[in-house]
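For reference, the structure discussed in these notes is given below.
The values are calculated or read from the model by the stated rules, or taken from the named source; none is laboratory data. Here the structure is a predicted model, which is why all the values come from computation and not from measurement. Quick reminder, even Gly has a Cβ in these numbers, built from the backbone with ideal geometry, and neighbours come from all protein chains shown. To get the accessible areas, we keep the full protein, side chains included, count just its heavy atoms, and leave off ligands, DNA and RNA. Shrake-Rupley method; radii C 1.70, N 1.55, O 1.52, S 1.80 Å.
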Protein chains: 2
Amino acid sequence: MPTIDFWYSIGSTYSYLTVMRLAGVEDRSGLSFRWRPMDVRSIMVAQNNIPFKYKPVKTAYMWRDIERRAARYGLHPRLPAPYPLPGLVLANLVATIGAEEGWIRDYTIATYRRWIEGGDPAGQEPNLSASLSEIGCDPETILLAAETEEVKRRLRAETEEARKKGIFGSPTFDVEGELFWGDDRLEDAVDWALASEE
Amino acid sequence: MPTIDFWYSIGSTYSYLTVMRLAGVEDRSGLSFRWRPMDVRSIMVAQNNIPFKYKPVKTAYMWRDIERRAARYGLHPRLPAPYPLPGLVLANLVATIGAEEGWIRDYTIATYRRWIEGGDPAGQEPNLSASLSEIGCDPETILLAAETEEVKRRLRAETEEARKKGIFGSPTFDVEGELFWGDDRLEDAVDWALASEE
């Protein structure tokens, strides 16, 4: 069966729902997902796609919508969470290392939980070090590595690959080139992947 | 059981999905919906909420997403359809009369079918007269009435009521004050209404 690329940025509010429920979706569907962090904000700014800034009515709806959806999934967010995240890029630089080293999922879940359920913004302290320690990484080592040109280059390259695929938001599920944007399209992506096997 | 207010503007692309499948949802759920046209564009412009203009990547995705969703519902749109609609306001002025006179649903379905499945923009000729004739209305009478101050005032008042409720997009489902935005939240709205009866 095809592997689904799960493109996301830590910093996306709706991606919280996906991050927290993806393991269950994998178990039930038999599909596997490849976690691919990107800097979606740079894509969105370049495309003049600013969904919530200076939009208080739409933003208020977003939090209520996430709250209701989270309840359906048995999650317990504390909303509104701090948003937007000043540390978005650093949060995803750390995830980029995690993708290489095999702990990206654990880190992303840990940092999202602290951010959305605990009120501590991802991508900055104390969230960064606490999340890395929790999953058995040395924060000092990882945070030094995250600031190196090599890691920045990898995140930029991944972001550029996402942009070239037509990705403009987080989360996006890429099923062999077929894109599904939004946590609310995860089931559609799964159905698409399963149907492609028939 | 509560009646759900279905707030929409002819001119919204995603509302096509709702318009075409709402009768089936009513039958299956036992719920009834009140069709309430508004001028959502004026709300969106006032709130700096311009989701697709100058956003070619996001717009291309929208059409693909609608195409896939339509296929799930057994619909056959011809995409991309003409968009945006210059005649949005007139299309919804006619719907405002239809809401009073009891033919709003038939008109909305007829005009959406011509627009999204046939390529004839709603809110202008030949779509307007053909859709009205099809449902047994006299186009000349209705189109004269649609330009009167009384009908314009009614649409403005409905739009203002929607805005005050926190509505910012089409379609929106209002279940006794609980808002669900997007065709993809229709099932959530139905669940909410059914749960409120328990």
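The table for this structure:
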quantity: Single match in B:Leu79, B:Leu75 (criterion: out of contact with any strand residue (DSSP E or B) (no Cβ under 8 Å at 6 or more places or on another chain), away from chain A (no Cβ under 14 Å) and either of a type in the set (Phe, Trp, Tyr) or open to solvent by 40 Å² or more (accessible area, probe 1.4 Å) (or both)); calculated: B:Leu79
quantity: Test set (1) of a type outside the set (Gly, Ala, Ser); (2) in contact (Cβ under 8 Å) with a residue 24 or more places away in the chain; (3) touching an Asp or Glu at 6+ places or on another chain (Cβ under 8 Å); (4) open to solvent by 10 Å² or more (accessible area, probe 1.4 Å) - A:Asn92 fails condition number; calculated: (4)
quantity: Those residues of segment A:48-69 which are more than 21 Å from the chain's Cα centre (by Cα) and more than 8 Å from every other protein chain (Cβ to nearest Cβ), in sequence order; calculated: A:Pro56
quantity: Condition check for B:Leu31: in contact with a helix residue (DSSP H, G or I) (Cβ under 7 Å, 6 or more places away or on another chain), in a loop (DSSP other than H, G, I, E, B) and modelled with pLDDT of 95 or more; calculated: yes
quantity: Candidate set from segment A:176-186 (those that are touching a residue at least 40 places away in the same chain (Cβ under 8 Å) and within 11 Å of another protein chain (Cβ to nearest Cβ)); member that is surrounded by the fewest Cβ atoms within 10 Å (Cβ to Cβ); calculated: A:Asp184
quantity: Failed condition for B:Lys165, given (1) among the charged types (D, E, K, R); (2) buried (at least 18 other Cβ atoms within 10 Å of the Cβ); (3) within 12 Å of another protein chain (Cβ to nearest Cβ); calculated: (2)
quantity: Selection status of A:Trp35, within 14 Å of chain B (Cβ to nearest Cβ), touching a strand residue (DSSP E or B) at 6+ places or on another chain (Cβ under 9 Å), of a type outside the set (D, E, K, R) and in contact (Cβ under 8 Å) with a residue 40 or more places away in the chain; calculated: no
quantity: Some residue of segment A:134-149 being open to solvent by 10 Å² or more (accessible area, probe 1.4 Å), within 11 Å of another protein chain (Cβ to nearest Cβ) and not polar (S, T, N, Q); calculated: no
quantity: Among the candidates A:Thr13, A:Thr18, residue that is touching an Asp or Glu at 6+ places or on another chain (Cβ under 8 Å), buried (at least 16 other Cβ atoms within 10 Å of the Cβ) and not acidic (Asp, Glu); calculated: A:Thr18
